[in-house]
Every structure is written in C-alpha cells, then in structure tokens.
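K.L.:
To start, I am sharing the structure in question, which I have written as structure tokens.
The values are calculated or read from the model by the stated rules, or taken from the named source; none is laboratory data. Everything numeric here is computed off the predicted structure, so don't read it as measured data. Cβ placement follows ideal geometry from the backbone for every residue including glycine, while neighbour counts extend to all protein chains displayed.
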Amino acid sequence: MRLLVTGAGGQVGKEFLEEAVAHPIFAEVMGTTREQLDFTDRSQVFDAVTGFAPDWIVHLGAMTAVDACEDDPDAAYLANALSVRYLKQAARRTRSRICYLSTDYVFDGTASTPYREWDPTSPLSVYGKSKLAGEAELDIDDLIVRTSWVMGRYGRNTLKTILTLARAEGAVRFVADQVGSPTVVEDLAGALATLILEDMSGVFHLTNQGHLSWYELVRFVFAEVGADQARVVPIDSSEIAATRKAPRPAYSVLDNCAARLAGLAPMPDYRESVAKLARQLWLAG
Ligand SMILES: NC(=O)c1ccc[n+]([C@@H]2O[C@H](COP(=O)([O-])OP(=O)(O)OC[C@H]3O[C@@H](n4cnc5c(N)ncnc54)[C@H](OP(=O)(O)O)[C@@H]3O)[C@@H](O)[C@H]2O)c1
C-alpha cells in the first residue's frame, strides 16, 4: 500500500509517519512537509498526487492556529477546505482515497452527552467551519477522522505548556468549564493506521477514552509529575474571553461510536496515555 502524507512536519504528521514507515503493509510512504508540498497550490497537489499515485492520501496538514483563523478566514478556508478539493480532484485521477483528520470543533458544544459521528454539526469558529467545509469536499469512500485535544512528542501542545508551568512557580489558571477528551498522538497514529488497513470509510471519532475539563487535566498532570496541585486554580472561560478570539465548544466529548460498533479496539483511557506521555516529556526535560 502506498501512502502520501501531508503535514508531515506537524505534531500528528511526524508520529504518523514514524508509525507508517515501520509498518510492513505500507510499502511506500511519502511524507510531505510544506517545503515539499504546499497543498494550497493546486498544481503542486496535482504533480505530487499523480506522480506518486498513492492508494491513500493521509491529509494531516492544516491551519491549526484557532485564533489566527478568526483573523484570516480566507487563509483558513484555503488551507482547511480548498486544499481538500484540490486533493480530491487529483485523487480521482489516480483512484486514491483520502483520510482527512478533522476536529471536535465542528460541534457547538451545547450537548451534555458525547457526540456521535451522526450528530448534527454546528461549528462556532472559523477554524471549525473551515474544517467542516473540508469534510464536505470528500466522498462516501473517503475517511474522515475527528479527534480532539491532541498532544504528542513533537511540536507544540497544551500538555507541553502544562509541564512548563509545572516546572515554574505560582498559580496556574485553567478553564473548568470546557470539557473534552485528550488524544495522545501515538494512540491516534496507530488507530488511523488501523482504519486504513481495515479499509474503513465514512466518519469516525477517535480520542482516548474518558473526559474532563482543562482544569482537571492540569491537576491530573501535576499529580503525575509530582507538582503541587494546589497551585492549579479553576477559572471560567468568560474570564479569558478577551484573550481568545475564537469561541471554543464548552463540551466536545466525542463518542467513538462508529469504531466501537465496528468492533475495533478502543483507544486507551487518557489516564494511562496522558500519564505515560507526561512522564516521558517530564523526564526528557
Ligand atoms: N492539535 C489539536 O488539538 C487538534 C485537534 C483536533 C483535530 N486536529 C487536526 O489534526 C490535524 C493535525 O494537527 P496537528 O496538531 O498535527 O497540527 P500542526 O502541528 O499545526 O501541524 C499541521 C501541519 O500542517 C502544515 N501546513 C499548514 N499549511 C500547510 C500548507 N499550505 N502546505 C503544507 N503544509 C501545511 C504545517 O506546516 P507549518 O508548520 O509550516 O505551518 C504543520 O506542519 C489537523 O488537521 C488538525 O485540524 C488537531
């Protein structure tokens, strides 16, 4: 099986590439960073896809800076939606399928029970809207994987911020009214590979099991690395609204319903995976 991976320099892309290259069934894996393939450039997309003729295009690259998307909606729609149209047009020529990584931000967060794959979407932010527009460019044979609160070894993420704060002193303020499920990249990369190998299509939610607020996550991580949990102060989103341009869904827990009903093994509980990653990153300094 031949894979073309976009966003290979990103947090998920780097680890997915490591996972894919080590897998015997993925005979050829072409990882592309922005320098090798700018997916907002239609001719670059056509050249890359028709030149390599992959079985799957794993589209992991995106404009992920949620607040920056509010400032520049055109850039967000170009990177997150029109890029998918270009990839899809090229993929039709080579009969390639597309695996597109999407987000919990396609939901408005007004639910109080986990969102199923079939629940109506209603994004609040430009980022969420542009990612949903990207989903809409795809066919029934493609694969859309929504995930949330991603944290891994590479790049920047909130877990790394939490660990930096744990090493410092003083109070640490995190919102207690935003609830979701953390997703450790190593688990996500393995689960993505499984969906591709199992020849799945349609929409899947993939996160670690369990959910909590950011405040509770910070307390959990502090406990894991031996930092003082009493330093963690719960705040309300309204207290930091002025510093965040994009509205965030208050409750964006994704029920991994399709994977469960299809009989796929659930991703581990966040208590196991986040604890393991936090300790690794803590020891690595
Ligand atoms: N992070 C999360 O919490 C989260 C949650 C839900 C879903 N997701 C989705 O998961 C996927 C991976 O996210 P991530 O956390 O790995 O994000 P990331 O670390 O920001 O990686 C995204 C990558 O895409 C690249 N990219 C952006 N525009 C490009 C372009 N025009 N051409 C080529 N490459 C381009 C970026 O390159 P530059 O560094 O050069 O910009 C970056 O390497 C995204 O689709 C995101 O929407 C993420």
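K.L.:
Restricting to the range 42-69, and then to whatever is part of a loop (DSSP other than H, G, I, E, B) and within 16 Å of the chain's Cα centre (by Cα), can you tell me which residue is farthest from the ligand (Cβ to nearest atom)?
P.N.:
A65
K.L.:
Oh, and also: Can you tell which of A22, A76 is out of contact with any strand residue (DSSP E or B) (no Cβ under 8 Å at 6 or more places or on another chain), away from the ligand (no atom under 12 Å from the Cβ) and of a type outside the set (V, I, T)?
P.N.:
A22
K.L.:
Taking the options T161, T94, name whichever one is at pLDDT 95 or above, surrounded by fewer than 22 Cβ atoms within 10 Å (Cβ to Cβ) and more than 21 Å from L17 (Cβ to Cβ).
P.N.:
T161
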